[in-house]
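None of the figures in this text is laboratory data; all of them are computed from the coordinates on show. Note that the structure is predicted; figures quoted are calculated from it, not measured. Ideal geometry is used to build each Cβ from the backbone, glycine not excepted, and the neighbour counts take in all protein chains shown.
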Amino acid sequence: MALSGLETKIYNMMNNSIFDFGFYHPYVVDFAIVLPIIALFLHFISILTRADEASSKAYFKVSNLLFFIGSGFVTAAYLTGLAEGPDVRQALSMEGRGLYDAHQALATYIAAGFLFLSFIKIISLLVKKDPLRYIFGTLFSITMLILIYAYAIGISLVYDYGAGVVCSG
């Protein structure tokens, strides 16, 4: 799968850097999965508890904080994966390349989805309406299911096809 124009520019910029951003992809991905899952869990707890309770507001605040930090980690995981990408793809078998292309496409959609969710979250914080919180929770749940599926594909790429594994002879 060829990179889009914007992805190619980001890849070239990261490749010309003195840092190896692709090296950090496995480490960033774990935070990109766990923080949004906890944020989603706390978001639903804040909805299910009574709105006038202080604990509901505390769950809501922590959920928002973890969502925005998690969004940053999702973006970082996308960028570090993009920096690592073409070299890893070339080392894979044909089946692995197809799986890699699916993983990369899902990552692009997830990064765009979290950008859209951040926009909705900011609006819901400004408007303070419950139906917007419910819409956000539904879209966040769908995005998280896609994120977990992309994570499962990434795990398969590493453990079944050896993506990103360096062997010394």
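Quick notes on this structure:
- Taking a straight Cα-Cα cut-off under 24 Å and skipping sequence neighbours fewer than 8 places away in the same chain, the lysines within cross-link reach of K57 are K121, K128, K129.
- Trypsin sites (Lys or Arg not before Pro) within region 78-137: DSSP coil, no more than 12 neighbouring Cβ in 10 Å: K128, K129
- Per-residue 3J(HN,Hα) values for region 61-77, derived from phi via the Karplus relation 6.51 cos²θ - 1.76 cosθ + 1.60 with θ = phi - 60°, read 5, 5, 4, 4, 4, 5, 4, 5, 5, x, 4, x, 5, 5, 5, 5, 5 Hz in sequence order (x marks Gly and Pro).
- At q = 0.19, 0.21 Å⁻¹, base-10 log of I(q)/I(0) for region 5-161 (Debye sum, equal scatterers on each alpha carbon): -1.12, -1.29
- Computed from backbone phi, the HN-Hα couplings of region 119-131 come to 5, 5, 5, 5, 4, 5, 6, 6, 7, 6, 10, 5, x Hz, rounded to whole numbers (Karplus: 6.51 cos²θ - 1.76 cosθ + 1.60, θ = phi - 60°; Gly and Pro given as x).
- Theoretical ellipticity at 222 nm over the chain - DSSP helices of four or more residues, -39500 (n - 2.57) apiece, nearest 500: -29500 deg cm²/dmol
- Couplings 3J(HN,Hα) of region 148-159, computed from phi: 5, 5, 5, 5, 5, 5, x, 5, 5, 4, 6, 7 Hz, in residue order, whole Hz [Karplus 6.51 cos²θ - 1.76 cosθ + 1.60, θ = phi - 60°; x for Gly and Pro].
- Cα→Cβ-extended label distance, 7 Å offset, between E53 and L145, nm: 2.8 nm
- The Cα center of region 20-39 and the Cα center of region 77-129 differ in position by 12 Å.
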